[in-house]
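To keep things clear, I will list the structure first and then write my remarks on it.
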Number of protein chains: 2
Amino acid sequence: MKPITIADVAKHAGVSKSTVSQYLNQRYDYMGEKTKKRIEQTIEELGYRPNIIARSLKQKSTMTIGVIVANILHVFSTQVIRAIEDFCNESNFHIIVCNADDDPMKEKRYIEMLRAKQVDGIIAFPTGGNVELYKGLIKVNYPVVFMDRILPEVEIPTVLLDNEKASLLAVDQLLKNGYKKIGMIAPPLSPYVTPRLERISGYKKALQQHDIPFNPNYLISSEIFELEAKINHMLTMADPPEALVALNDRVLIEILKYTKEQQINIPGDLALVGIDEVSFASFYSPALTTVAQPAFQMGKKAAELLLNRIRDKDTDDFSKIYRFEPDLIKRESC
Amino acid sequence: MKPITIADVAKHAGVSKSTVSQYLNQRYDYMGEKTKKRIEQTIEELGYRPNIIARSLKQKSTMTIGVIVANILHVFSTQVIRAIEDFCNESNFHIIVCNADDDPMKEKRYIEMLRAKQVDGIIAFPTGGNVELYKGLIKVNYPVVFMDRILPEVEIPTVLLDNEKASLLAVDQLLKNGYKKIGMIAPPLSPYVTPRLERISGYKKALQQHDIPFNPNYLISSEIFELEAKINHMLTMADPPEALVALNDRVLIEILKYTKEQQINIPGDLALVGIDEVSFASFYSPALTTVAQPAFQMGKKAAELLLNRIRDKDTDDFSKIYRFEPDLIKRESC
DNA sequence: CTGAAAGCGCTTACAG
DNA sequence: CTGAAAGCGCTTACAG
C-alpha cells in the first residue's frame with residue numbers, strides 16, 4: 001500500500017504537481033475554479049495527505065520546537081510544558097520533550113539531536129554545563145529561550161520568577177505574624193540553579209531589610225536525603241528558629257515528613273511557609289501558606305518569545321530577562 | 001551562513017557524496033583507512049551535522065513517535081510520558097507530546113498532524129471519539145499503542161491497570177479492618193474511560209465476593225465540582241457508610257477537602273482508601289492508604305510495544321491487552 | 001574501494 | 001491560469 005503522493009493526485013486530476021502544490025498552499029490567486037474543485041475532489045478521493053517532511057526539507061522549517069527540562073516529573077516543569085504546548089498548538093507547532101536530568105552530557109546530546117532533526121528552536125532549563133554549545137547556537141542565530149535558570153555567560157532571553165521577591169514575601173508574612181527567628185531550609189546550592197541562589201539571597205535581604213541579623217545556624221542547605229536529620233538538629237538546638245521557609249516544594253515535603261513524625265504542631269510550635277505552590281496545600285492540616293509562581297504564564301511567555309524569534313530572526317530581545325511576580329497565598333501554616 | 005551539507009564535506013575531502021554517506025552510516029566495510037580519516041577530519045573541520053529531515057525523507061523513518069495524553073498535568077500521564085521518553089531515548093527516538101483534553105476533535109487534529117509529520121508511531125490515551133480514524137490506521141498497518149483505555153471496536157494493543165483488582169484490593173483492605181459499610185466516590189462515567197468503569201465494577205464484585213449487598217446509596221458518581229455536596233449528603237443520611245474508597249486521585253482530593261472542612265476524623269469517623277498513589281500520601285495526617293499503579297512500568301511497556309511494532313511491522317500483538325498489577329500501600333487511613 | 005545517477009515528496013521561480 | 005524543471009540534503013542500488 002504505497003502512500004499517495006502529490007504526483008498521484010496530479011495525475012488523477014489531470015494537472016501538474018505544481019498546480020496541486022499551489023492548491024495545497026492555498027495560493028488560489030490564478031487558479032481556475034474548476035481546477036480547484038477537481039483537485040479538492042481528487043485529494044478527497046485518494047485520501048491524500050501531504051508529507052510534511054518533504055515540505056520541511058524544502059522550506060527549512062519543521063514547525064516543531066524542542067523543550068528540554070530537567071525532569072518532566074517536577075510539577076513546575078509539567079505546567080510550563082503544558083503552557084508551551086497550548087501556545088504552540090495555536091500556531092500549529094509541535095513540541096518534542098526531553099529530560100536532561102541536570103546532566104550536561106544528556107543535555108548536549110539532546111541539543112545536537114534536536115538540531116539534526118531541524119527543530120525550529122529550543123526552550124531549555126539549562127544545566128549550566130554547555131555554555132560553549134549555547135554560544136555556538138547564538139552565533140548562528142539559532143532561536144533559543146531559557147527557562148528558570150540564568151547563564152550569565154550567554155546572551156539568551158530568559159524567563160524566570162522574581163525569586164528574591166518570593167523569599168521576601170515569605171519572610172514578610174512570617175514577620176507580620178510576629179515571628180522573628182526565621183530559618184530557611186534549602187537543597188544543595190549548584191552554581192547554575194538560579195532559583196536556589198536567588199531565593200537564599202532574597203531570604204537574607206529580607207531579614208536585613210528588617211534589621212534582623214542573619215544567623216547561619218538558621219540556614220540549612222543540603223541533599224534531600226540528609227534534610228530530615230539536619231532539620232532535627234536545627235530545631236533541637238538551643239534557641240531554635242520558630243518559623244521556617246521551605247526553599248522549594250521538594251524541601252517543603254521533607255519538613256512536613258519531619259513535623260508529622262515528631263508531631264510538631266504547625267503553626268503552634270513552628271510556623272511554615274513554602275515557596276512553590278503544592279497540590280495539597282489547601283487541604284493539608286494545617287492548610288499551607290505558600291508562594292506560588294505563575295508557571296503557566298511563564299511557559300506561555302517562553303513559547304511566545306521563541307515563536308517570535310523563529311518568525312523574525314532579527315528581534316533584539318537577546319539577553320533580556322523576563323521576571324514574573326510570585327504570589328503569596330495565605331493559609332493556615334502562618 | 002549557509003549550513004554545511006554532505007556535498008560540502010565531499011568536495012573538501014575530495015571524495016563523492018556517496019562515500020561520505022557511507023561513512024556517516026558507518027558502512028566502513030570497503031572504505032580505505034585514509035578516506036575514512038580524511039572524511040572524519042573534514043567533518044570535524046567544517047562542523048558538519050547531518051540533516052536528519054533529508055535522511056527521513058529518503059528512509060521513511062523519522063525516529064520520532066507521538067504521545068497523545070488527555071492532559072500532561074495528570075500525574076499518571078506525566079509518569080507514563082517520562083517512562084516512554086526514557087525508553088525511547090535509549091533507542092534514539094524522540095517523542096512529540098500532545099494534550100487532547102479528552103476532546104475527539106483535538107485528538108483527531110493531532111493524529112493527522114503527527115502522521116503528516118511522518119512520526120513512526122503513536123501512543124495514545126484515546127478519547128473514544130475517533131474509532132473510524134484508528135481503524136484506518138490499523139488498516140494501513142500503522143503502529144499504534146493505547147494506554148489506559150480500551151476501545152473494544154478497534155484492534156490495538158493496550159496497556160492498562162487491572163482496575164478491578166485495584167478496587168478489590170481497596171475493598172478487601174477495608175473489610176479486613178472491620179468496615180462493612182463501604183461507599184465509593186467516583187467522577188462521571190464516560191463510556192470510554194475504562195478505569196472508571198472497571199473500578200466501579202470491581203467495587204461491586206468485591207462486595208459480592210463477600211456477600212455484601214450493593215447499596216446504590218453508597219455509590220456517588222458525579223462531576224468534581226458537585227462532589228463535596230454529594231459526599232456531604234451521603235455521609236449525613238441515615239445509616240451512612242463508615243468507609244470510602246476514592247475512585248481516583250482527583251476524587252480523593254475532594255474527599256479530603258470535605259473531611260478537613262468538616263473536621264471528620266480519619267480513620268476514626270471514616271476510613272479511607274484511595275485508588276492512585278498521591279504525592280502527599282505518606283506525610284498527610286493521617287497517612288493515606290492507597291492503591292498504586294505501576295505507571296513507569298506501564299509507560300515502558302507501551303514504548304516497548306510500539307518500538308517493536310515499528311521495527312517489525314509483522315508482529316501479531318494486535319488487540320492484546322496488557323494488564324498491570326495494582327499495589328496496595330497500607331498506611332494510616334485504614 | 002569509490003563515484004555517477006536516480007530518487008525520496010515536496011516547493012518555487014520561471015516561462016508561456 | 002498552468003506546467004516543466006531544478007532543487008532541498010540525504011541514501012542507495014549499480015557500475016566499475
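Which pairs turn up if I take residues in the stretch A:69-82 that are more than 7 Å from chain B (Cβ to nearest Cβ) and more than 13 Å from A:D249 (Cα to Cα) and look for partners that are surrounded by 20 or more Cβ atoms within 10 Å (Cβ to Cβ) and polar (S, T, N, Q) with beta carbon separation below 6 Å, at least 6 apart in sequence or on another chain?
Sorted first by the residue in the stretch A:69-82, then by its partner, the pairs are A:V69/A:S77; A:N71/A:N99.
Scan the stretch A:83-110 residue by residue and report those that are surrounded by 20 or more Cβ atoms within 10 Å (Cβ to Cβ), within 12 Å of chain B (Cβ to nearest Cβ) and acidic (D, E).
Answer for the stretch A:83-110, where residues must be surrounded by 20 or more Cβ atoms within 10 Å (Cβ to Cβ), within 12 Å of chain B (Cβ to nearest Cβ) and acidic (D, E): just A:E85.
Given the structure, is A:K58 exposed (fewer than 12 other Cβ atoms within 10 Å of the Cβ), without any contact (Cβ under 8 Å) to a residue 60 or more places away in the chain, within 13 Å of DNA strand D (Cβ to nearest atom) and within 13 Å of another protein chain (Cβ to nearest Cβ)? Working first, answer last.
Numbers: exposed (fewer than 12 other Cβ atoms within 10 Å of the Cβ): yes; without any contact (Cβ under 8 Å) to a residue 60 or more places away in the chain: yes; within 13 Å of DNA strand D (Cβ to nearest atom): yes; within 13 Å of another protein chain (Cβ to nearest Cβ): yes.
Judged against the criteria, A:K58 is a match.
Please find, among A:I68, A:I96, A:I52, A:I84, the residue that is in contact with a Lys or Arg (Cβ under 7 Å, 6 or more places away or on another chain) and not small (G, A, S).
Answer to the check: A:I52.
Determine the pairs where a residue that is touching a residue at least 24 places away in the same chain (Cβ under 8 Å), located within the stretch A:321-334, has a partner that is of a type in the set (F, W, Y) and assigned to a loop (DSSP other than H, G, I, E, B) with Cβ atoms under 9 Å apart, the partner being 6 or more residues away or on another chain.
Cβ pairs passing all conditions: A:R331/A:Y284; A:E332/A:Y284; A:S333/A:Y284; A:C334/A:Y179.
If the requirement is being within 11 Å of another protein chain (Cβ to nearest Cβ) and closer than 19 Å to B:L151 by Cα, which of these qualifies: B:G136, B:G128, B:G121?
B:G136
Does B:I224 meet the test of being in the same structural domain as B:I275 (by TED's automatic domain parsing) and more than 15 Å from B:V245 (Cα to Cα)?
yes
Return the residues of the stretch A:1-19 that are in a helix (DSSP H, G or I), over 21 Å from B:Q118 (Cβ atoms) and within 9 Å of DNA strand D (Cβ to nearest atom); say none if nothing qualifies. Give the derivation first.
Just the residues of the stretch A:1-19 that are in a helix (DSSP H, G or I), to begin with: A:6-13, A:17-19.
Subsequent filtering for residues that are over 21 Å from B:Q118 (Cβ atoms) retains A:11-13, A:18-19.
Scanning the stretch A:1-19 gives A:A13, A:S18, A:T19.
How about the stretch A:250-280: which of its residues are within 10 Å of chain B (Cβ to nearest Cβ), over 31 Å from the mean Cα position of the chain (by Cα) and polar (S, T, N, Q)?
Selection gives A:Q263 alone.
Go through the residues of the stretch B:7-23 one by one and say whether even a single one is in contact (Cβ under 8 Å) with a residue 24 or more places away in the chain and within 14 Å of chain A (Cβ to nearest Cβ).
Looking for residues that are in contact (Cβ under 8 Å) with a residue 24 or more places away in the chain and within 14 Å of chain A (Cβ to nearest Cβ), one finds none in the stretch B:7-23, hence no.
What's the total number of residues in the stretch A:33-55 that are more than 16 Å from DNA strand D (Cβ to nearest atom) and under 30 Å from A:V97 (Cβ atoms)?
The number of residues fulfilling the criteria is 1.
Would you mention how many residues in the stretch B:124-143 are surrounded by fewer than 22 Cβ atoms within 10 Å (Cβ to Cβ) and either closer than 15 Å to B:E112 by Cβ or touching an Asp or Glu at 6+ places or on another chain (Cβ under 7 Å) (or both)?
So in the stretch B:124-143, the residues surrounded by fewer than 22 Cβ atoms within 10 Å (Cβ to Cβ) come out as B:128-133, B:135-142.
Next, only the ones that are either closer than 15 Å to B:E112 by Cβ or touching an Asp or Glu at 6+ places or on another chain (Cβ under 7 Å) (or both) stay: B:129-133, B:135-138, B:140, B:142.
So the count comes out to 11.
Quick check, is B:V278 assigned to a loop (DSSP other than H, G, I, E, B), touching a Phe, Trp or Tyr at 6+ places or on another chain (Cβ under 9 Å) and either outside the structural domain of B:R149 (by TED's automatic domain parsing) or modelled with pLDDT under 95 (or both)?
When the stated conditions are applied, B:V278 passes them.
Among the numbered criteria (1) near DNA strand C (Cβ under 8 Å from one of its atoms); (2) within 44 Å of the chain's Cα centre (by Cα), which one does A:S16 miss?
In the conditions (1) near DNA strand C (Cβ under 8 Å from one of its atoms); (2) within 44 Å of the chain's Cα centre (by Cα), A:S16 misses (2) alone.
The values are calculated or read from the model by the stated rules, or taken from the named source; none is laboratory data. What you see is a predicted model, and the numbers here were worked out from it, not measured in a lab. Note: ideal-geometry Cβ built from the backbone for every residue, glycine included; neighbour counts use all protein chains shown.
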